[in-house]
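One structure is given below, encoded as structure tokens.
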Amino acid sequence: MHDSRILDAVEDIIGPDLMVCDGAFIIKEVDGTSHISWHQDLTYWELDTVNEQVSIWFALSPATPESGTMKFMPGSHRSGQLSHHATADDANTLPRGETLDVEIDESAAVDNTLRPGQMSLHHGFTFHASMPNVSSDRRIGFNANMIRPSVRQLRVENDSAMLLHGTDDHGH
């Protein structure tokens, strides 16, 4: 996370003072059914501001259409926060099956194809999803949510973040 190539890319988007507030390994096994529905990350981040954050996806194995790579809807971050509904779809790996309440033209979606070691960045309002892994190996990635120190998480009183670059004048 302290690699200057990563920090420089994020700094170009949200500025020089950078914190990581969440991170998780995302492993998609070969099963042909598990997927993530079309959603926006800021639906469940509950931050007090929306334009001082970015999500990073690091590919640790090939992320291809066959392995169920993420798909993005270009320009969708300009839509702002849209409503979502919970689904009872057991194959949807989101905690509550959060799904956008809008019609998605999947023919306009762009595959986020990455080789191991590559990364992509997206805004928390960006519509994205991933399809089932039908390749011969699991897809492994790491997702990190980056914020400026001025951002506060509204859901949890004692939430924390770690400074990666710059200064924290906001008491994290």
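The values are calculated or read from the model by the stated rules, or taken from the named source; none is laboratory data. Bear in mind the structure is a predicted one, so any value in this text is a computation, not a measurement. Counting neighbours? That spans all protein chains shown, and the Cβs are built from the backbone with ideal geometry, glycine included.
Values computed for the structure shown
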read-out: When residues of the stretch 1-19 are limited to those that are crowded, with 17+ Cβ neighbours inside 10 Å and of a type in the set (A, V, I, L, M, F, W, C), the one farthest from H172 (Cα to Cα); value: I6
read-out: Tally, over the stretch 24-47, of residues that are out of contact with any Ser or Thr (no Cβ under 9 Å at 6 or more places or on another chain), part of a loop (DSSP other than H, G, I, E, B) and over 16 Å from P132 (Cα atoms); value: 1
read-out: Hits in the stretch 94-120 - residues which are in contact with a Ser or Thr (Cβ under 7 Å, 6 or more places away or on another chain), on the phi < 0 side of the Ramachandran plot, part of a loop (DSSP other than H, G, I, E, B) and surrounded by 15 or more Cβ atoms within 10 Å (Cβ to Cβ); value: L94, E98, N112, T113
read-out: Criterion: of a type in the set (S, T, N, Q), crowded, with 17+ Cβ neighbours inside 10 Å and under 22 Å from F142 (Cβ atoms) - qualifying residue of S55, S76; value: S55
read-out: Close pairs (7 angstrom Cβ cut-off, 6 or more residues apart or separate chains): closer than 19 Å to D12 by Cα in the stretch 147-172, acidic (D, E) and exposed (fewer than 15 other Cβ atoms within 10 Å of the Cβ) anywhere; value: P149/D169; V151/D48
read-out: Members of the stretch 133-172 found to be in contact with a strand residue (DSSP E or B) (Cβ under 8 Å, 6 or more places away or on another chain), closer than 22 Å to G117 by Cα and either modelled with pLDDT under 85 or not β-branched (V, I, T) (or both), listed by number; value: N133, R138, R139, G141, F142, N143, A144, N145, M146, L164, H165
read-out: Any chance T33 is of a type in the set (V, I, T) and over 21 Å from N158 (Cα atoms); value: yes
read-out: Any hit, the stretch 107-116, residues being within 22 Å of G68 (Cα to Cα) and touching a Leu at 6+ places or on another chain (Cβ under 9 Å); value: yes
read-out: Qualifying residues in the stretch 39-61 (those that are touching a Lys or Arg at 6+ places or on another chain (Cβ under 9 Å) and more than 19 Å from I26 (Cα to Cα)) - the one modelled with the lowest pLDDT; value: E46
read-out: Scan of the stretch 44-61 for residues that are closer than 18 Å to V156 by Cβ and hydroxyl-bearing (S, T, Y), ordered by number; value: Y44, T49
read-out: Count - residues of the stretch 76-93 that are touching a strand residue (DSSP E or B) at 6+ places or on another chain (Cβ under 9 Å), in a loop (DSSP other than H, G, I, E, B) and either at pLDDT 95 or above or over 20 Å from F58 (Cα atoms) (or both); value: 6
read-out: Residue match in the stretch 62-72 (condition: on the phi > 0 side of the Ramachandran plot, buried (at least 19 other Cβ atoms within 10 Å of the Cβ), modelled with pLDDT of 95 or more and of a type outside the set (K, R)); value: yes
read-out: Residue match in the stretch 80-91 (condition: small (G, A, S), touching a Lys or Arg at 6+ places or on another chain (Cβ under 9 Å) and under 17 Å from L42 (Cα atoms)); value: yes
read-out: Leading residue by the ranking (nearest to the chain's Cα centre (by Cα)) among those in the stretch 2-23 that are part of a helix (DSSP H, G or I) and β-branched (V, I, T); value: V10
